[in-house]
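To start, the structure itself, in C-alpha cells.
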Amino acid sequence: MTKRKVKKSVVYLSYMIGVLLFVTIFTFTELKLNKKPQQDNEQVTKTIFENKIPVVATKEIIARPYTDSSIAIKTNFYNPQDDAETQKNSLILFENTYLPSTGIDYQTDYDFDVVSILDGTVITVKEDQTLGKLVEIKHKDNIISSYQSLSEVMVKVGDEVKQGTIIGKSGCSNIQKDMGSHLHFELTIDSKTVDPEDYYDKELGNL
C-alpha cells in the first residue's frame, strides 16, 4: 500500500470515529434532555396527589330552638335531683293533676320563630289535641328534637332542614292554656328524654 493510500485510510478512519463520537454524544444528550421533563412531571404529580392538604372538619354544635334574645324559661325540665324550688317549676298542672315536665317551655310576650337545633330530617308533623301543632326532627347520632305548642308549621314530613331553619311559630296548647304563646321543646338522645339546657352549645362528638 502506498503512503498516499495509507494517509487516505487514516483520514477516513478518523472521520468515521468523529462521526460515531458525535452521534454518541448527541444521542446521550437527547436521552438526558428527554428524561428531565419526565422527572419534573413525576415531581408535579407527587406534589399534587401525594401532598394532600387535610380538610378541616366542621364542628356540629347544638343550637337553641329560637333566636330571640328576649325569650325566657317558663317551665323547667323535671329532674328529681333538682332542689325543691326548681322541681316545683318543673310541674305542669293539667286537668287537676300535676305532671312532671319532659321538656322546657320557652316564652315571651309575642309569637316567635322556632328553629331547628341541628341539620336533620322532619319525621313527624301533626296536630295533637293536647300538645297542639308539633314537629319532630331526626338528627345524626340518634338525636330527635320535638317542637310543640306551635301556632304555625312551615315544614312537612321528609323535608331536609338545616340548623337554624325556621320550622314554625310559637303558639298555645291545651295542656298549657294559661301560658300564652310559647314553645314546649323536648330532646331525646338514644331513646332517652334529657334536659335540653344541658346540651346546648355542645359538640355532637362530645355527647
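Cross-link pairs exceeding 26 Å in C-alpha to C-alpha distance, out of LYS59/LYS88; LYS140/LYS192; LYS88/LYS177; LYS74/LYS133; LYS74/LYS202; LYS177/LYS202, comprise LYS59/LYS88; LYS177/LYS202. Using the Cβ of ASP201 as centre and a radius below 15 Å, the other residues enclosed give a net charge of -2, where K and R count +1 and D and E count -1.
Rounded to whole numbers, the Karplus 3J(HN,Hα) couplings from phi for the range 125-138 are 9, 7, 10, 9, 4, 9, 8, x, 5, 9, 9, 10, 10, 9 Hz, using 6.51 cos²θ - 1.76 cosθ + 1.60 with θ = phi - 60°, and x at Gly and Pro. Judged by the ratio a/c of the largest to the smallest principal axis of the C-alpha gyration tensor, the range 72-206 counts as oblate, that ratio being 1.5 or greater while a/b is no larger than b/c. Note on TYR110 and ASN174: their simple-model spin labels are 3.0 nm apart, each label 7 Å out from Cα toward Cβ.
Segment TYR199..LYS59, full-extension length gain: 48.9 nm, with 0.36 nm per residue of separation and the alpha-carbon distance subtracted.
A simple spin-label model places the labels of ILE189 and GLU127 3.5 nm from each other, with each point 7 Å out along Cα-to-Cβ.
Taken together, the values in this text are just the output of simple stated rules run on the coordinates, not laboratory data. Worth saying up front: this structure is predicted, and the values here are computed from it rather than measured. Glycine gets a Cβ as well: all are built from the backbone with ideal geometry, and neighbour counts include every protein chain shown.
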